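Trainee: Here you go, one structure.
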Amino acid sequence: MISVPARPYPYSLDPARTALVVIDMQRDFIEKGGFGDSLGNDVARLEAIVPTVAALIDLFRREGWLVIHTREAHKPDLSDCPPAKIRRGNPSLKIGEAGAMGRLLISGEPGNAILPALAPIAGEIAIDKPGKGMFYATGIEAVLEERGITHLVFAGVTTEVCVQTSMREANDRGYECLLIEDATESYFANFKQGAIEMIVAQGGIVGWVAPLAALKTAVAQAKVEA
Ligand code: TIU
């Protein structure tokens, strides 16, 4: 077991039962002309975490631990997208409409891809999710069960929307969840901070939070002690 200094108290993980979940590091949220931009957000804030997310993915790859990537994505015929979701926010461009990077939030379109710097490699799992959470209508729970995964380490965007929803879905299913706080970001600094405080409040009601450096140090320390 590896013990990571975390809030609200140390987080213990068994690498064989742990997966990294990188939520929605897609052009649609991080680049101009995508879905996040269409909702009126300043997308530049999100790009700043790319090096930290890359370093986190690199740590898991070097250790040979499981990496899962998610994409918020709908089928081209939008049969998996509720009309309410399309209407929500009165965006300048709606889900399924053509923008500078292809149709917004549609699987296979250029803008729906994960940023090249963070792209999945062979052996990693990449899933499309029609909702904000990673469990709704994705089948991922069976995959995690089959692999014996009990602990999920989270990164990605946005902290208070898809990351927090996924963590809450995971928490309700019994997974022990750790959010890497410098590998997640929101369009709103105060929402990121608020989401983190909600996660760790009440003794870790949703899970734990730690910076990447704490996880790296804990992994190195475990090797020294082994
Ligand atoms: N709008 C917003 O903050 N987020 C989303 O719509 N999706 C994700 O968080 N991935």
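The values are calculated or read from the model by the stated rules, or taken from the named source; none is laboratory data. Note that the structure is predicted; figures quoted are calculated from it, not measured. All Cβ positions, even for glycine, are placed from backbone atoms using ideal geometry, and neighbour counts span all protein chains on display. Side chains are part of the model used for accessible areas, which takes the heavy atoms of the whole protein and leaves out ligands, DNA and RNA. Shrake-Rupley method; radii C 1.70, N 1.55, O 1.52, S 1.80 Å.
Trainee: Collect the residues in segment 1-24 that are touching a Gly at 6+ places or on another chain (Cβ under 8 Å), aliphatic (A, V, I, L, M) and within 17 Å of ALA155 (Cβ to Cβ), keeping them in residue-number order.
Mentor: Of everything in segment 1-24, those that are touching a Gly at 6+ places or on another chain (Cβ under 8 Å), aliphatic (A, V, I, L, M) and within 17 Å of ALA155 (Cβ to Cβ) turn out to be VAL21, VAL22, ILE23.
Trainee: Please go through (1) closer than 24 Å to LEU152 by Cβ; (2) in contact (Cβ under 8 Å) with a residue 40 or more places away in the chain; (3) open to solvent by less than 40 Å² (accessible area, probe 1.4 Å) for MET101 and return the number of the only condition it doesn't satisfy.
Mentor: (1)
Trainee: Here is a further query. Which condition breaks for ALA222 when tested against (1) farther than 27 Å from ILE140 by Cα; (2) without any contact (Cβ under 8 Å) to a residue 40 or more places away in the chain?
Mentor: (2)
Trainee: I'm trying to understand the selection: among the residues of segment 144-189, which are open to solvent by 10 Å² or more (accessible area, probe 1.4 Å), under 22 Å from ILE49 (Cβ atoms) and among the small types (Gly, Ala, Ser)?
Mentor: Scanning segment 144-189 gives a single hit, ALA189.
Trainee: Give the residues of segment 79-97 that are more than 13 Å from the ligand (Cβ to nearest atom) and of a type outside the set (D, E, K, R), sorted by residue number.
Mentor: SER79, PRO82, PRO83, ALA84, ASN90, SER92, LEU93, GLY96
Trainee: Can you find, within segment 178-226, the residue that is farthest from the chain's Cα centre (by Cα) among those that are more than 17 Å from TYR9 (Cβ to Cβ) and of a type in the set (Asp, Glu)?
Mentor: GLU225
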